[in-house]
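First the structure, in the form of structure tokens, and then the observations on it.
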Amino acid sequence: MNVDVAIVGAGPAGCSTALHLLALHPRARVAIFDRARLPREKPCGGAISRWGLSALDAIDATPAALGVAHVPVSAVRVRHGAHVNEHREDEPLGAVVERAVFDAALAREAVARGATLHEEHRLVALDGHTLAFDNGVQVQARAIVGADGTGSAVRRLAGFDEKGPRARLIVVETDAAPGEDVERGVLEFDLTCVDRGIDGYVWHFATTFAGKRCVSRGIFDWRGRRQGDGKELRTALLEALAARGVPASKLRFKPYSERVFATEGPVASGSLLLCGEAAALVDPVTGEGIAQAVVSGKLAAEELGRVLGSGAAIDPARYARSLESLRCYRHLRQSAALAPHVYGPRASVWASALARTRTAVDAGADWYVGRELGTRRKVEVGASFGWSLVRAALSSARSSDRL
Ligand SMILES: Cc1cc2nc3c(=O)[nH]c(=O)nc-3n(C[C@H](O)[C@H](O)[C@H](O)COP(=O)(O)OP(=O)(O)OC[C@H]3O[C@@H](n4cnc5c(N)ncnc54)[C@H](O)[C@@H]3O)c2cc1C
């Protein structure tokens, strides 16, 4: 098979690349390959922030435009023990989707706009411009896109850095617990688990699954580095579910890992480029990666558009610069710097201060939806957060005195 662009991975990064590229070059021969048959299972909370929805809107591929069931997000809630604060807005802060359904719809849209989709094609070898799949198919491509997620075969076969950090997660979908309102789309981040040494949070997102309103729950551990962590994470998640009144029997826990952003290693060569999670574009503090996958797909398409237009090779430095110019890339850098503090030895104090401080939760929600925080706002938030930190530190010192 001969194509202009071979995209490995039919997730949001790969489909966004295809949709953007076909908008630029409607006659390009764009082939998407995935090891799975769609709809494929994708363990995920499924929350897409407002800026991710705007990026999808630019290619007319929001969940609403694709006719995919979704839950508009009306509030973001942060909890730590007894402290809880919520940020609400009338306009949706984002949307929660069932990933298998959303990703399949996105891939169908790419096909409707001119891409070809090759399911059950697992990439196993890469030699220059030639790709080989596990079913014996060989493909020649002018350019290759690695959009194959956390365990990216393209990244490994191209010899790019494999050492970056992995977050660890467990996800489960359940019915609503007593008193939980799934009709109102709330994203809840419960940081109570930092008290037992988890470097992350438990989430409860109102979602839709198999046509029914329910709740996506799970636990995210940014470091995911220690031996025996899997058991510890599961115990912490079970504890959080019990505290909420969610019966844990018969639940199917799905463990997973994420390639979170850390360093700025190479993400392209003359014949290929990486985008989405294959390029480690996942927020180390929140674990969010769908929106980053969509926007990086746009930049990948722009680079490929230049290649198709001029016949030149991919320019790795130009592609890296364009990624670095993204606002979300600056966020990723900030998150990578923040993560060791937020989830460090003082995590309990930070978490308690955050959950107590309405202005900090409001600012966190603004960050999530992609709003700029001006200097004045940062100072105001810093002041009230600082005061909450002092109160949290005092109450933590008082409780250790009592012990
Ligand atoms: C438990 C969990 C919860 C999460 N919750 C959220 C959330 O609520 N919000 C959010 O924004 N992000 C969340 N994320 C992160 C988000 O799921 C990813 O960052 C996002 O899916 C990345 O998109 P992608 O297109 O780069 O990769 P993927 O969506 O992973 O797509 C990669 C595709 O490549 C295919 N593939 C892999 N290897 C090969 C191969 N060798 N050959 C061919 N095809 C291959 C796969 O089948 C897959 O279809 C979560 C992640 C996890 C693990």
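The values are calculated or read from the model by the stated rules, or taken from the named source; none is laboratory data. Being a predicted model, the structure only gives us computed values, none of them experimental. Note that we place each Cβ from the backbone using ideal geometry, even for glycine, and neighbour counts take in every protein chain shown.
Can you tell me which condition A268 does not meet? The list is (1) in contact with a Leu (Cβ under 8 Å, 6 or more places away or on another chain); (2) within 23 Å of A365 (Cα to Cα), and all the others hold.
(2)
In segment 180-232, what count of residues is obtained for those that are in contact with a His (Cβ under 6 Å, 6 or more places away or on another chain) and either among the small types (G, A, S) or under 20 Å from G94 (Cα atoms) (or both)? Give the derivation first.
As a first pass, look at segment 180-232 and keep what is in contact with a His (Cβ under 6 Å, 6 or more places away or on another chain): 188, 191-192, 215, 217.
Add one more test, that the residue is either among the small types (G, A, S) or under 20 Å from G94 (Cα atoms) (or both), and what stays is 188, 215, 217.
Summing the residues that are in contact with a His (Cβ under 6 Å, 6 or more places away or on another chain) and either among the small types (G, A, S) or under 20 Å from G94 (Cα atoms) (or both) in segment 180-232 gives 3.
Within segment 38-50, is there a residue that is within 15 Å of the ligand (Cβ to nearest atom), hydroxyl-bearing (S, T, Y), out of contact with any Ser or Thr (no Cβ under 7 Å at 6 or more places or on another chain) and over 29 Å from A141 (Cβ atoms)?
Yes; the residues of segment 38-50 include at least one that is within 15 Å of the ligand (Cβ to nearest atom), hydroxyl-bearing (S, T, Y), out of contact with any Ser or Thr (no Cβ under 7 Å at 6 or more places or on another chain) and over 29 Å from A141 (Cβ atoms).
Being without any contact (Cβ under 8 Å) to a residue 24 or more places away in the chain and not basic (K, R) narrows it down to one residue among T207, T235; which is it? Don't jump to the end; show me each part of the working.
Working: T207 fails: without any contact (Cβ under 8 Å) to a residue 24 or more places away in the chain.
Exactly one of T207, T235 is without any contact (Cβ under 8 Å) to a residue 24 or more places away in the chain and not basic (K, R), namely T235.
I want to confirm something. Restricting to segment 365-390 and keeping residues that are surrounded by 13 or more Cβ atoms within 10 Å (Cβ to Cβ) and among the β-branched types (V, I, T), which single residue is modelled with the lowest pLDDT?
So, considering only residues that are surrounded by 13 or more Cβ atoms within 10 Å (Cβ to Cβ) and among the β-branched types (V, I, T), the one modelled with the lowest pLDDT is V381.
Can you tell me which residue among A280, A268 is at positive phi, crowded, with 16+ Cβ neighbours inside 10 Å and at pLDDT 95 or above?
A280
Considering (1) within 15 Å of the ligand (Cβ to nearest atom); (2) closer than 23 Å to V361 by Cα; (3) not β-branched (V, I, T), say which one R184 fails and leave the rest.
(1)
Find the residue count for segment 101-124, including only residues that are more than 10 Å from the ligand (Cβ to nearest atom) and over 15 Å from A64 (Cα atoms).
So the count comes out to 8.
In this structure, is G136 more than 9 Å from the ligand (Cβ to nearest atom) and touching a Ser or Thr at 6+ places or on another chain (Cβ under 9 Å)?
Working: more than 9 Å from the ligand (Cβ to nearest atom): yes; touching a Ser or Thr at 6+ places or on another chain (Cβ under 9 Å): no.
In short, no.
Of these, D190, D148, D161, which one is surrounded by 15 or more Cβ atoms within 10 Å (Cβ to Cβ) and either outside the structural domain of L21 (by TED's automatic domain parsing) or more than 12 Å from the ligand (Cβ to nearest atom) (or both)?
Testing whether each residue is surrounded by 15 or more Cβ atoms within 10 Å (Cβ to Cβ) and either outside the structural domain of L21 (by TED's automatic domain parsing) or more than 12 Å from the ligand (Cβ to nearest atom) (or both) leaves just D190.
Could you please let me know if V307 is surrounded by fewer than 23 Cβ atoms within 10 Å (Cβ to Cβ) and either under 28 Å from D4 (Cβ atoms) or in the same structural domain as G386 (by TED's automatic domain parsing) (or both)?
yes
Within the set of pairs 6 or more residues apart or between chains, which connect a residue that is farther than 27 Å from R196 by Cα inside segment 325-343 to a residue that is assigned to a helix (DSSP H, G or I) and modelled with pLDDT of 90 or more with Cβ atoms less than 7 Å apart?
Going by the 7 Å Cβ cut-off, the qualifying pairs are L326/V295; C328/A291; C328/Q292; C328/V295; Y329/L323.
Going by the conditions given, is R79 crowded, with 19+ Cβ neighbours inside 10 Å, charged (D, E, K, R) and more than 15 Å from the ligand (Cβ to nearest atom)?
When the stated conditions are applied, R79 passes them.
Among the residues of segment 136-145, how many are crowded, with 23+ Cβ neighbours inside 10 Å and either small (G, A, S) or over 15 Å from D4 (Cβ atoms) (or both)? Spell out the reasoning first.
Applying the first criterion (crowded, with 23+ Cβ neighbours inside 10 Å) to segment 136-145 yields 141, 143-145.
If we keep only those that are either small (G, A, S) or over 15 Å from D4 (Cβ atoms) (or both) as well, we get 141, 143.
Looking only at that region, the number is 2.
So is F133 surrounded by 21 or more Cβ atoms within 10 Å (Cβ to Cβ) and aromatic (F, W, Y) or not?
Answer is no for this residue.
Do the conditions hold for G11, that is, is it on the phi > 0 side of the Ramachandran plot and within 19 Å of the chain's Cα centre (by Cα)?
Here the answer is no, as G11 does not meet what is asked.
State the number of residues belonging to segment 22-36 that are of a type in the set (A, V, I, L, M, F, W, C) and under 22 Å from the mean Cα position of the chain (by Cα).
Final tally of qualifying residues: 3.
Go through segment 237-265 and count every residue that is out of contact with any strand residue (DSSP E or B) (no Cβ under 6 Å at 6 or more places or on another chain), modelled with pLDDT of 90 or more and of a type outside the set (K, R).
7
How many residues are out of contact with any Pro (no Cβ under 7 Å at 6 or more places or on another chain) and either assigned to a helix (DSSP H, G or I) or within 10 Å of the ligand (Cβ to nearest atom) (or both) when one looks only at segment 249-283?
13
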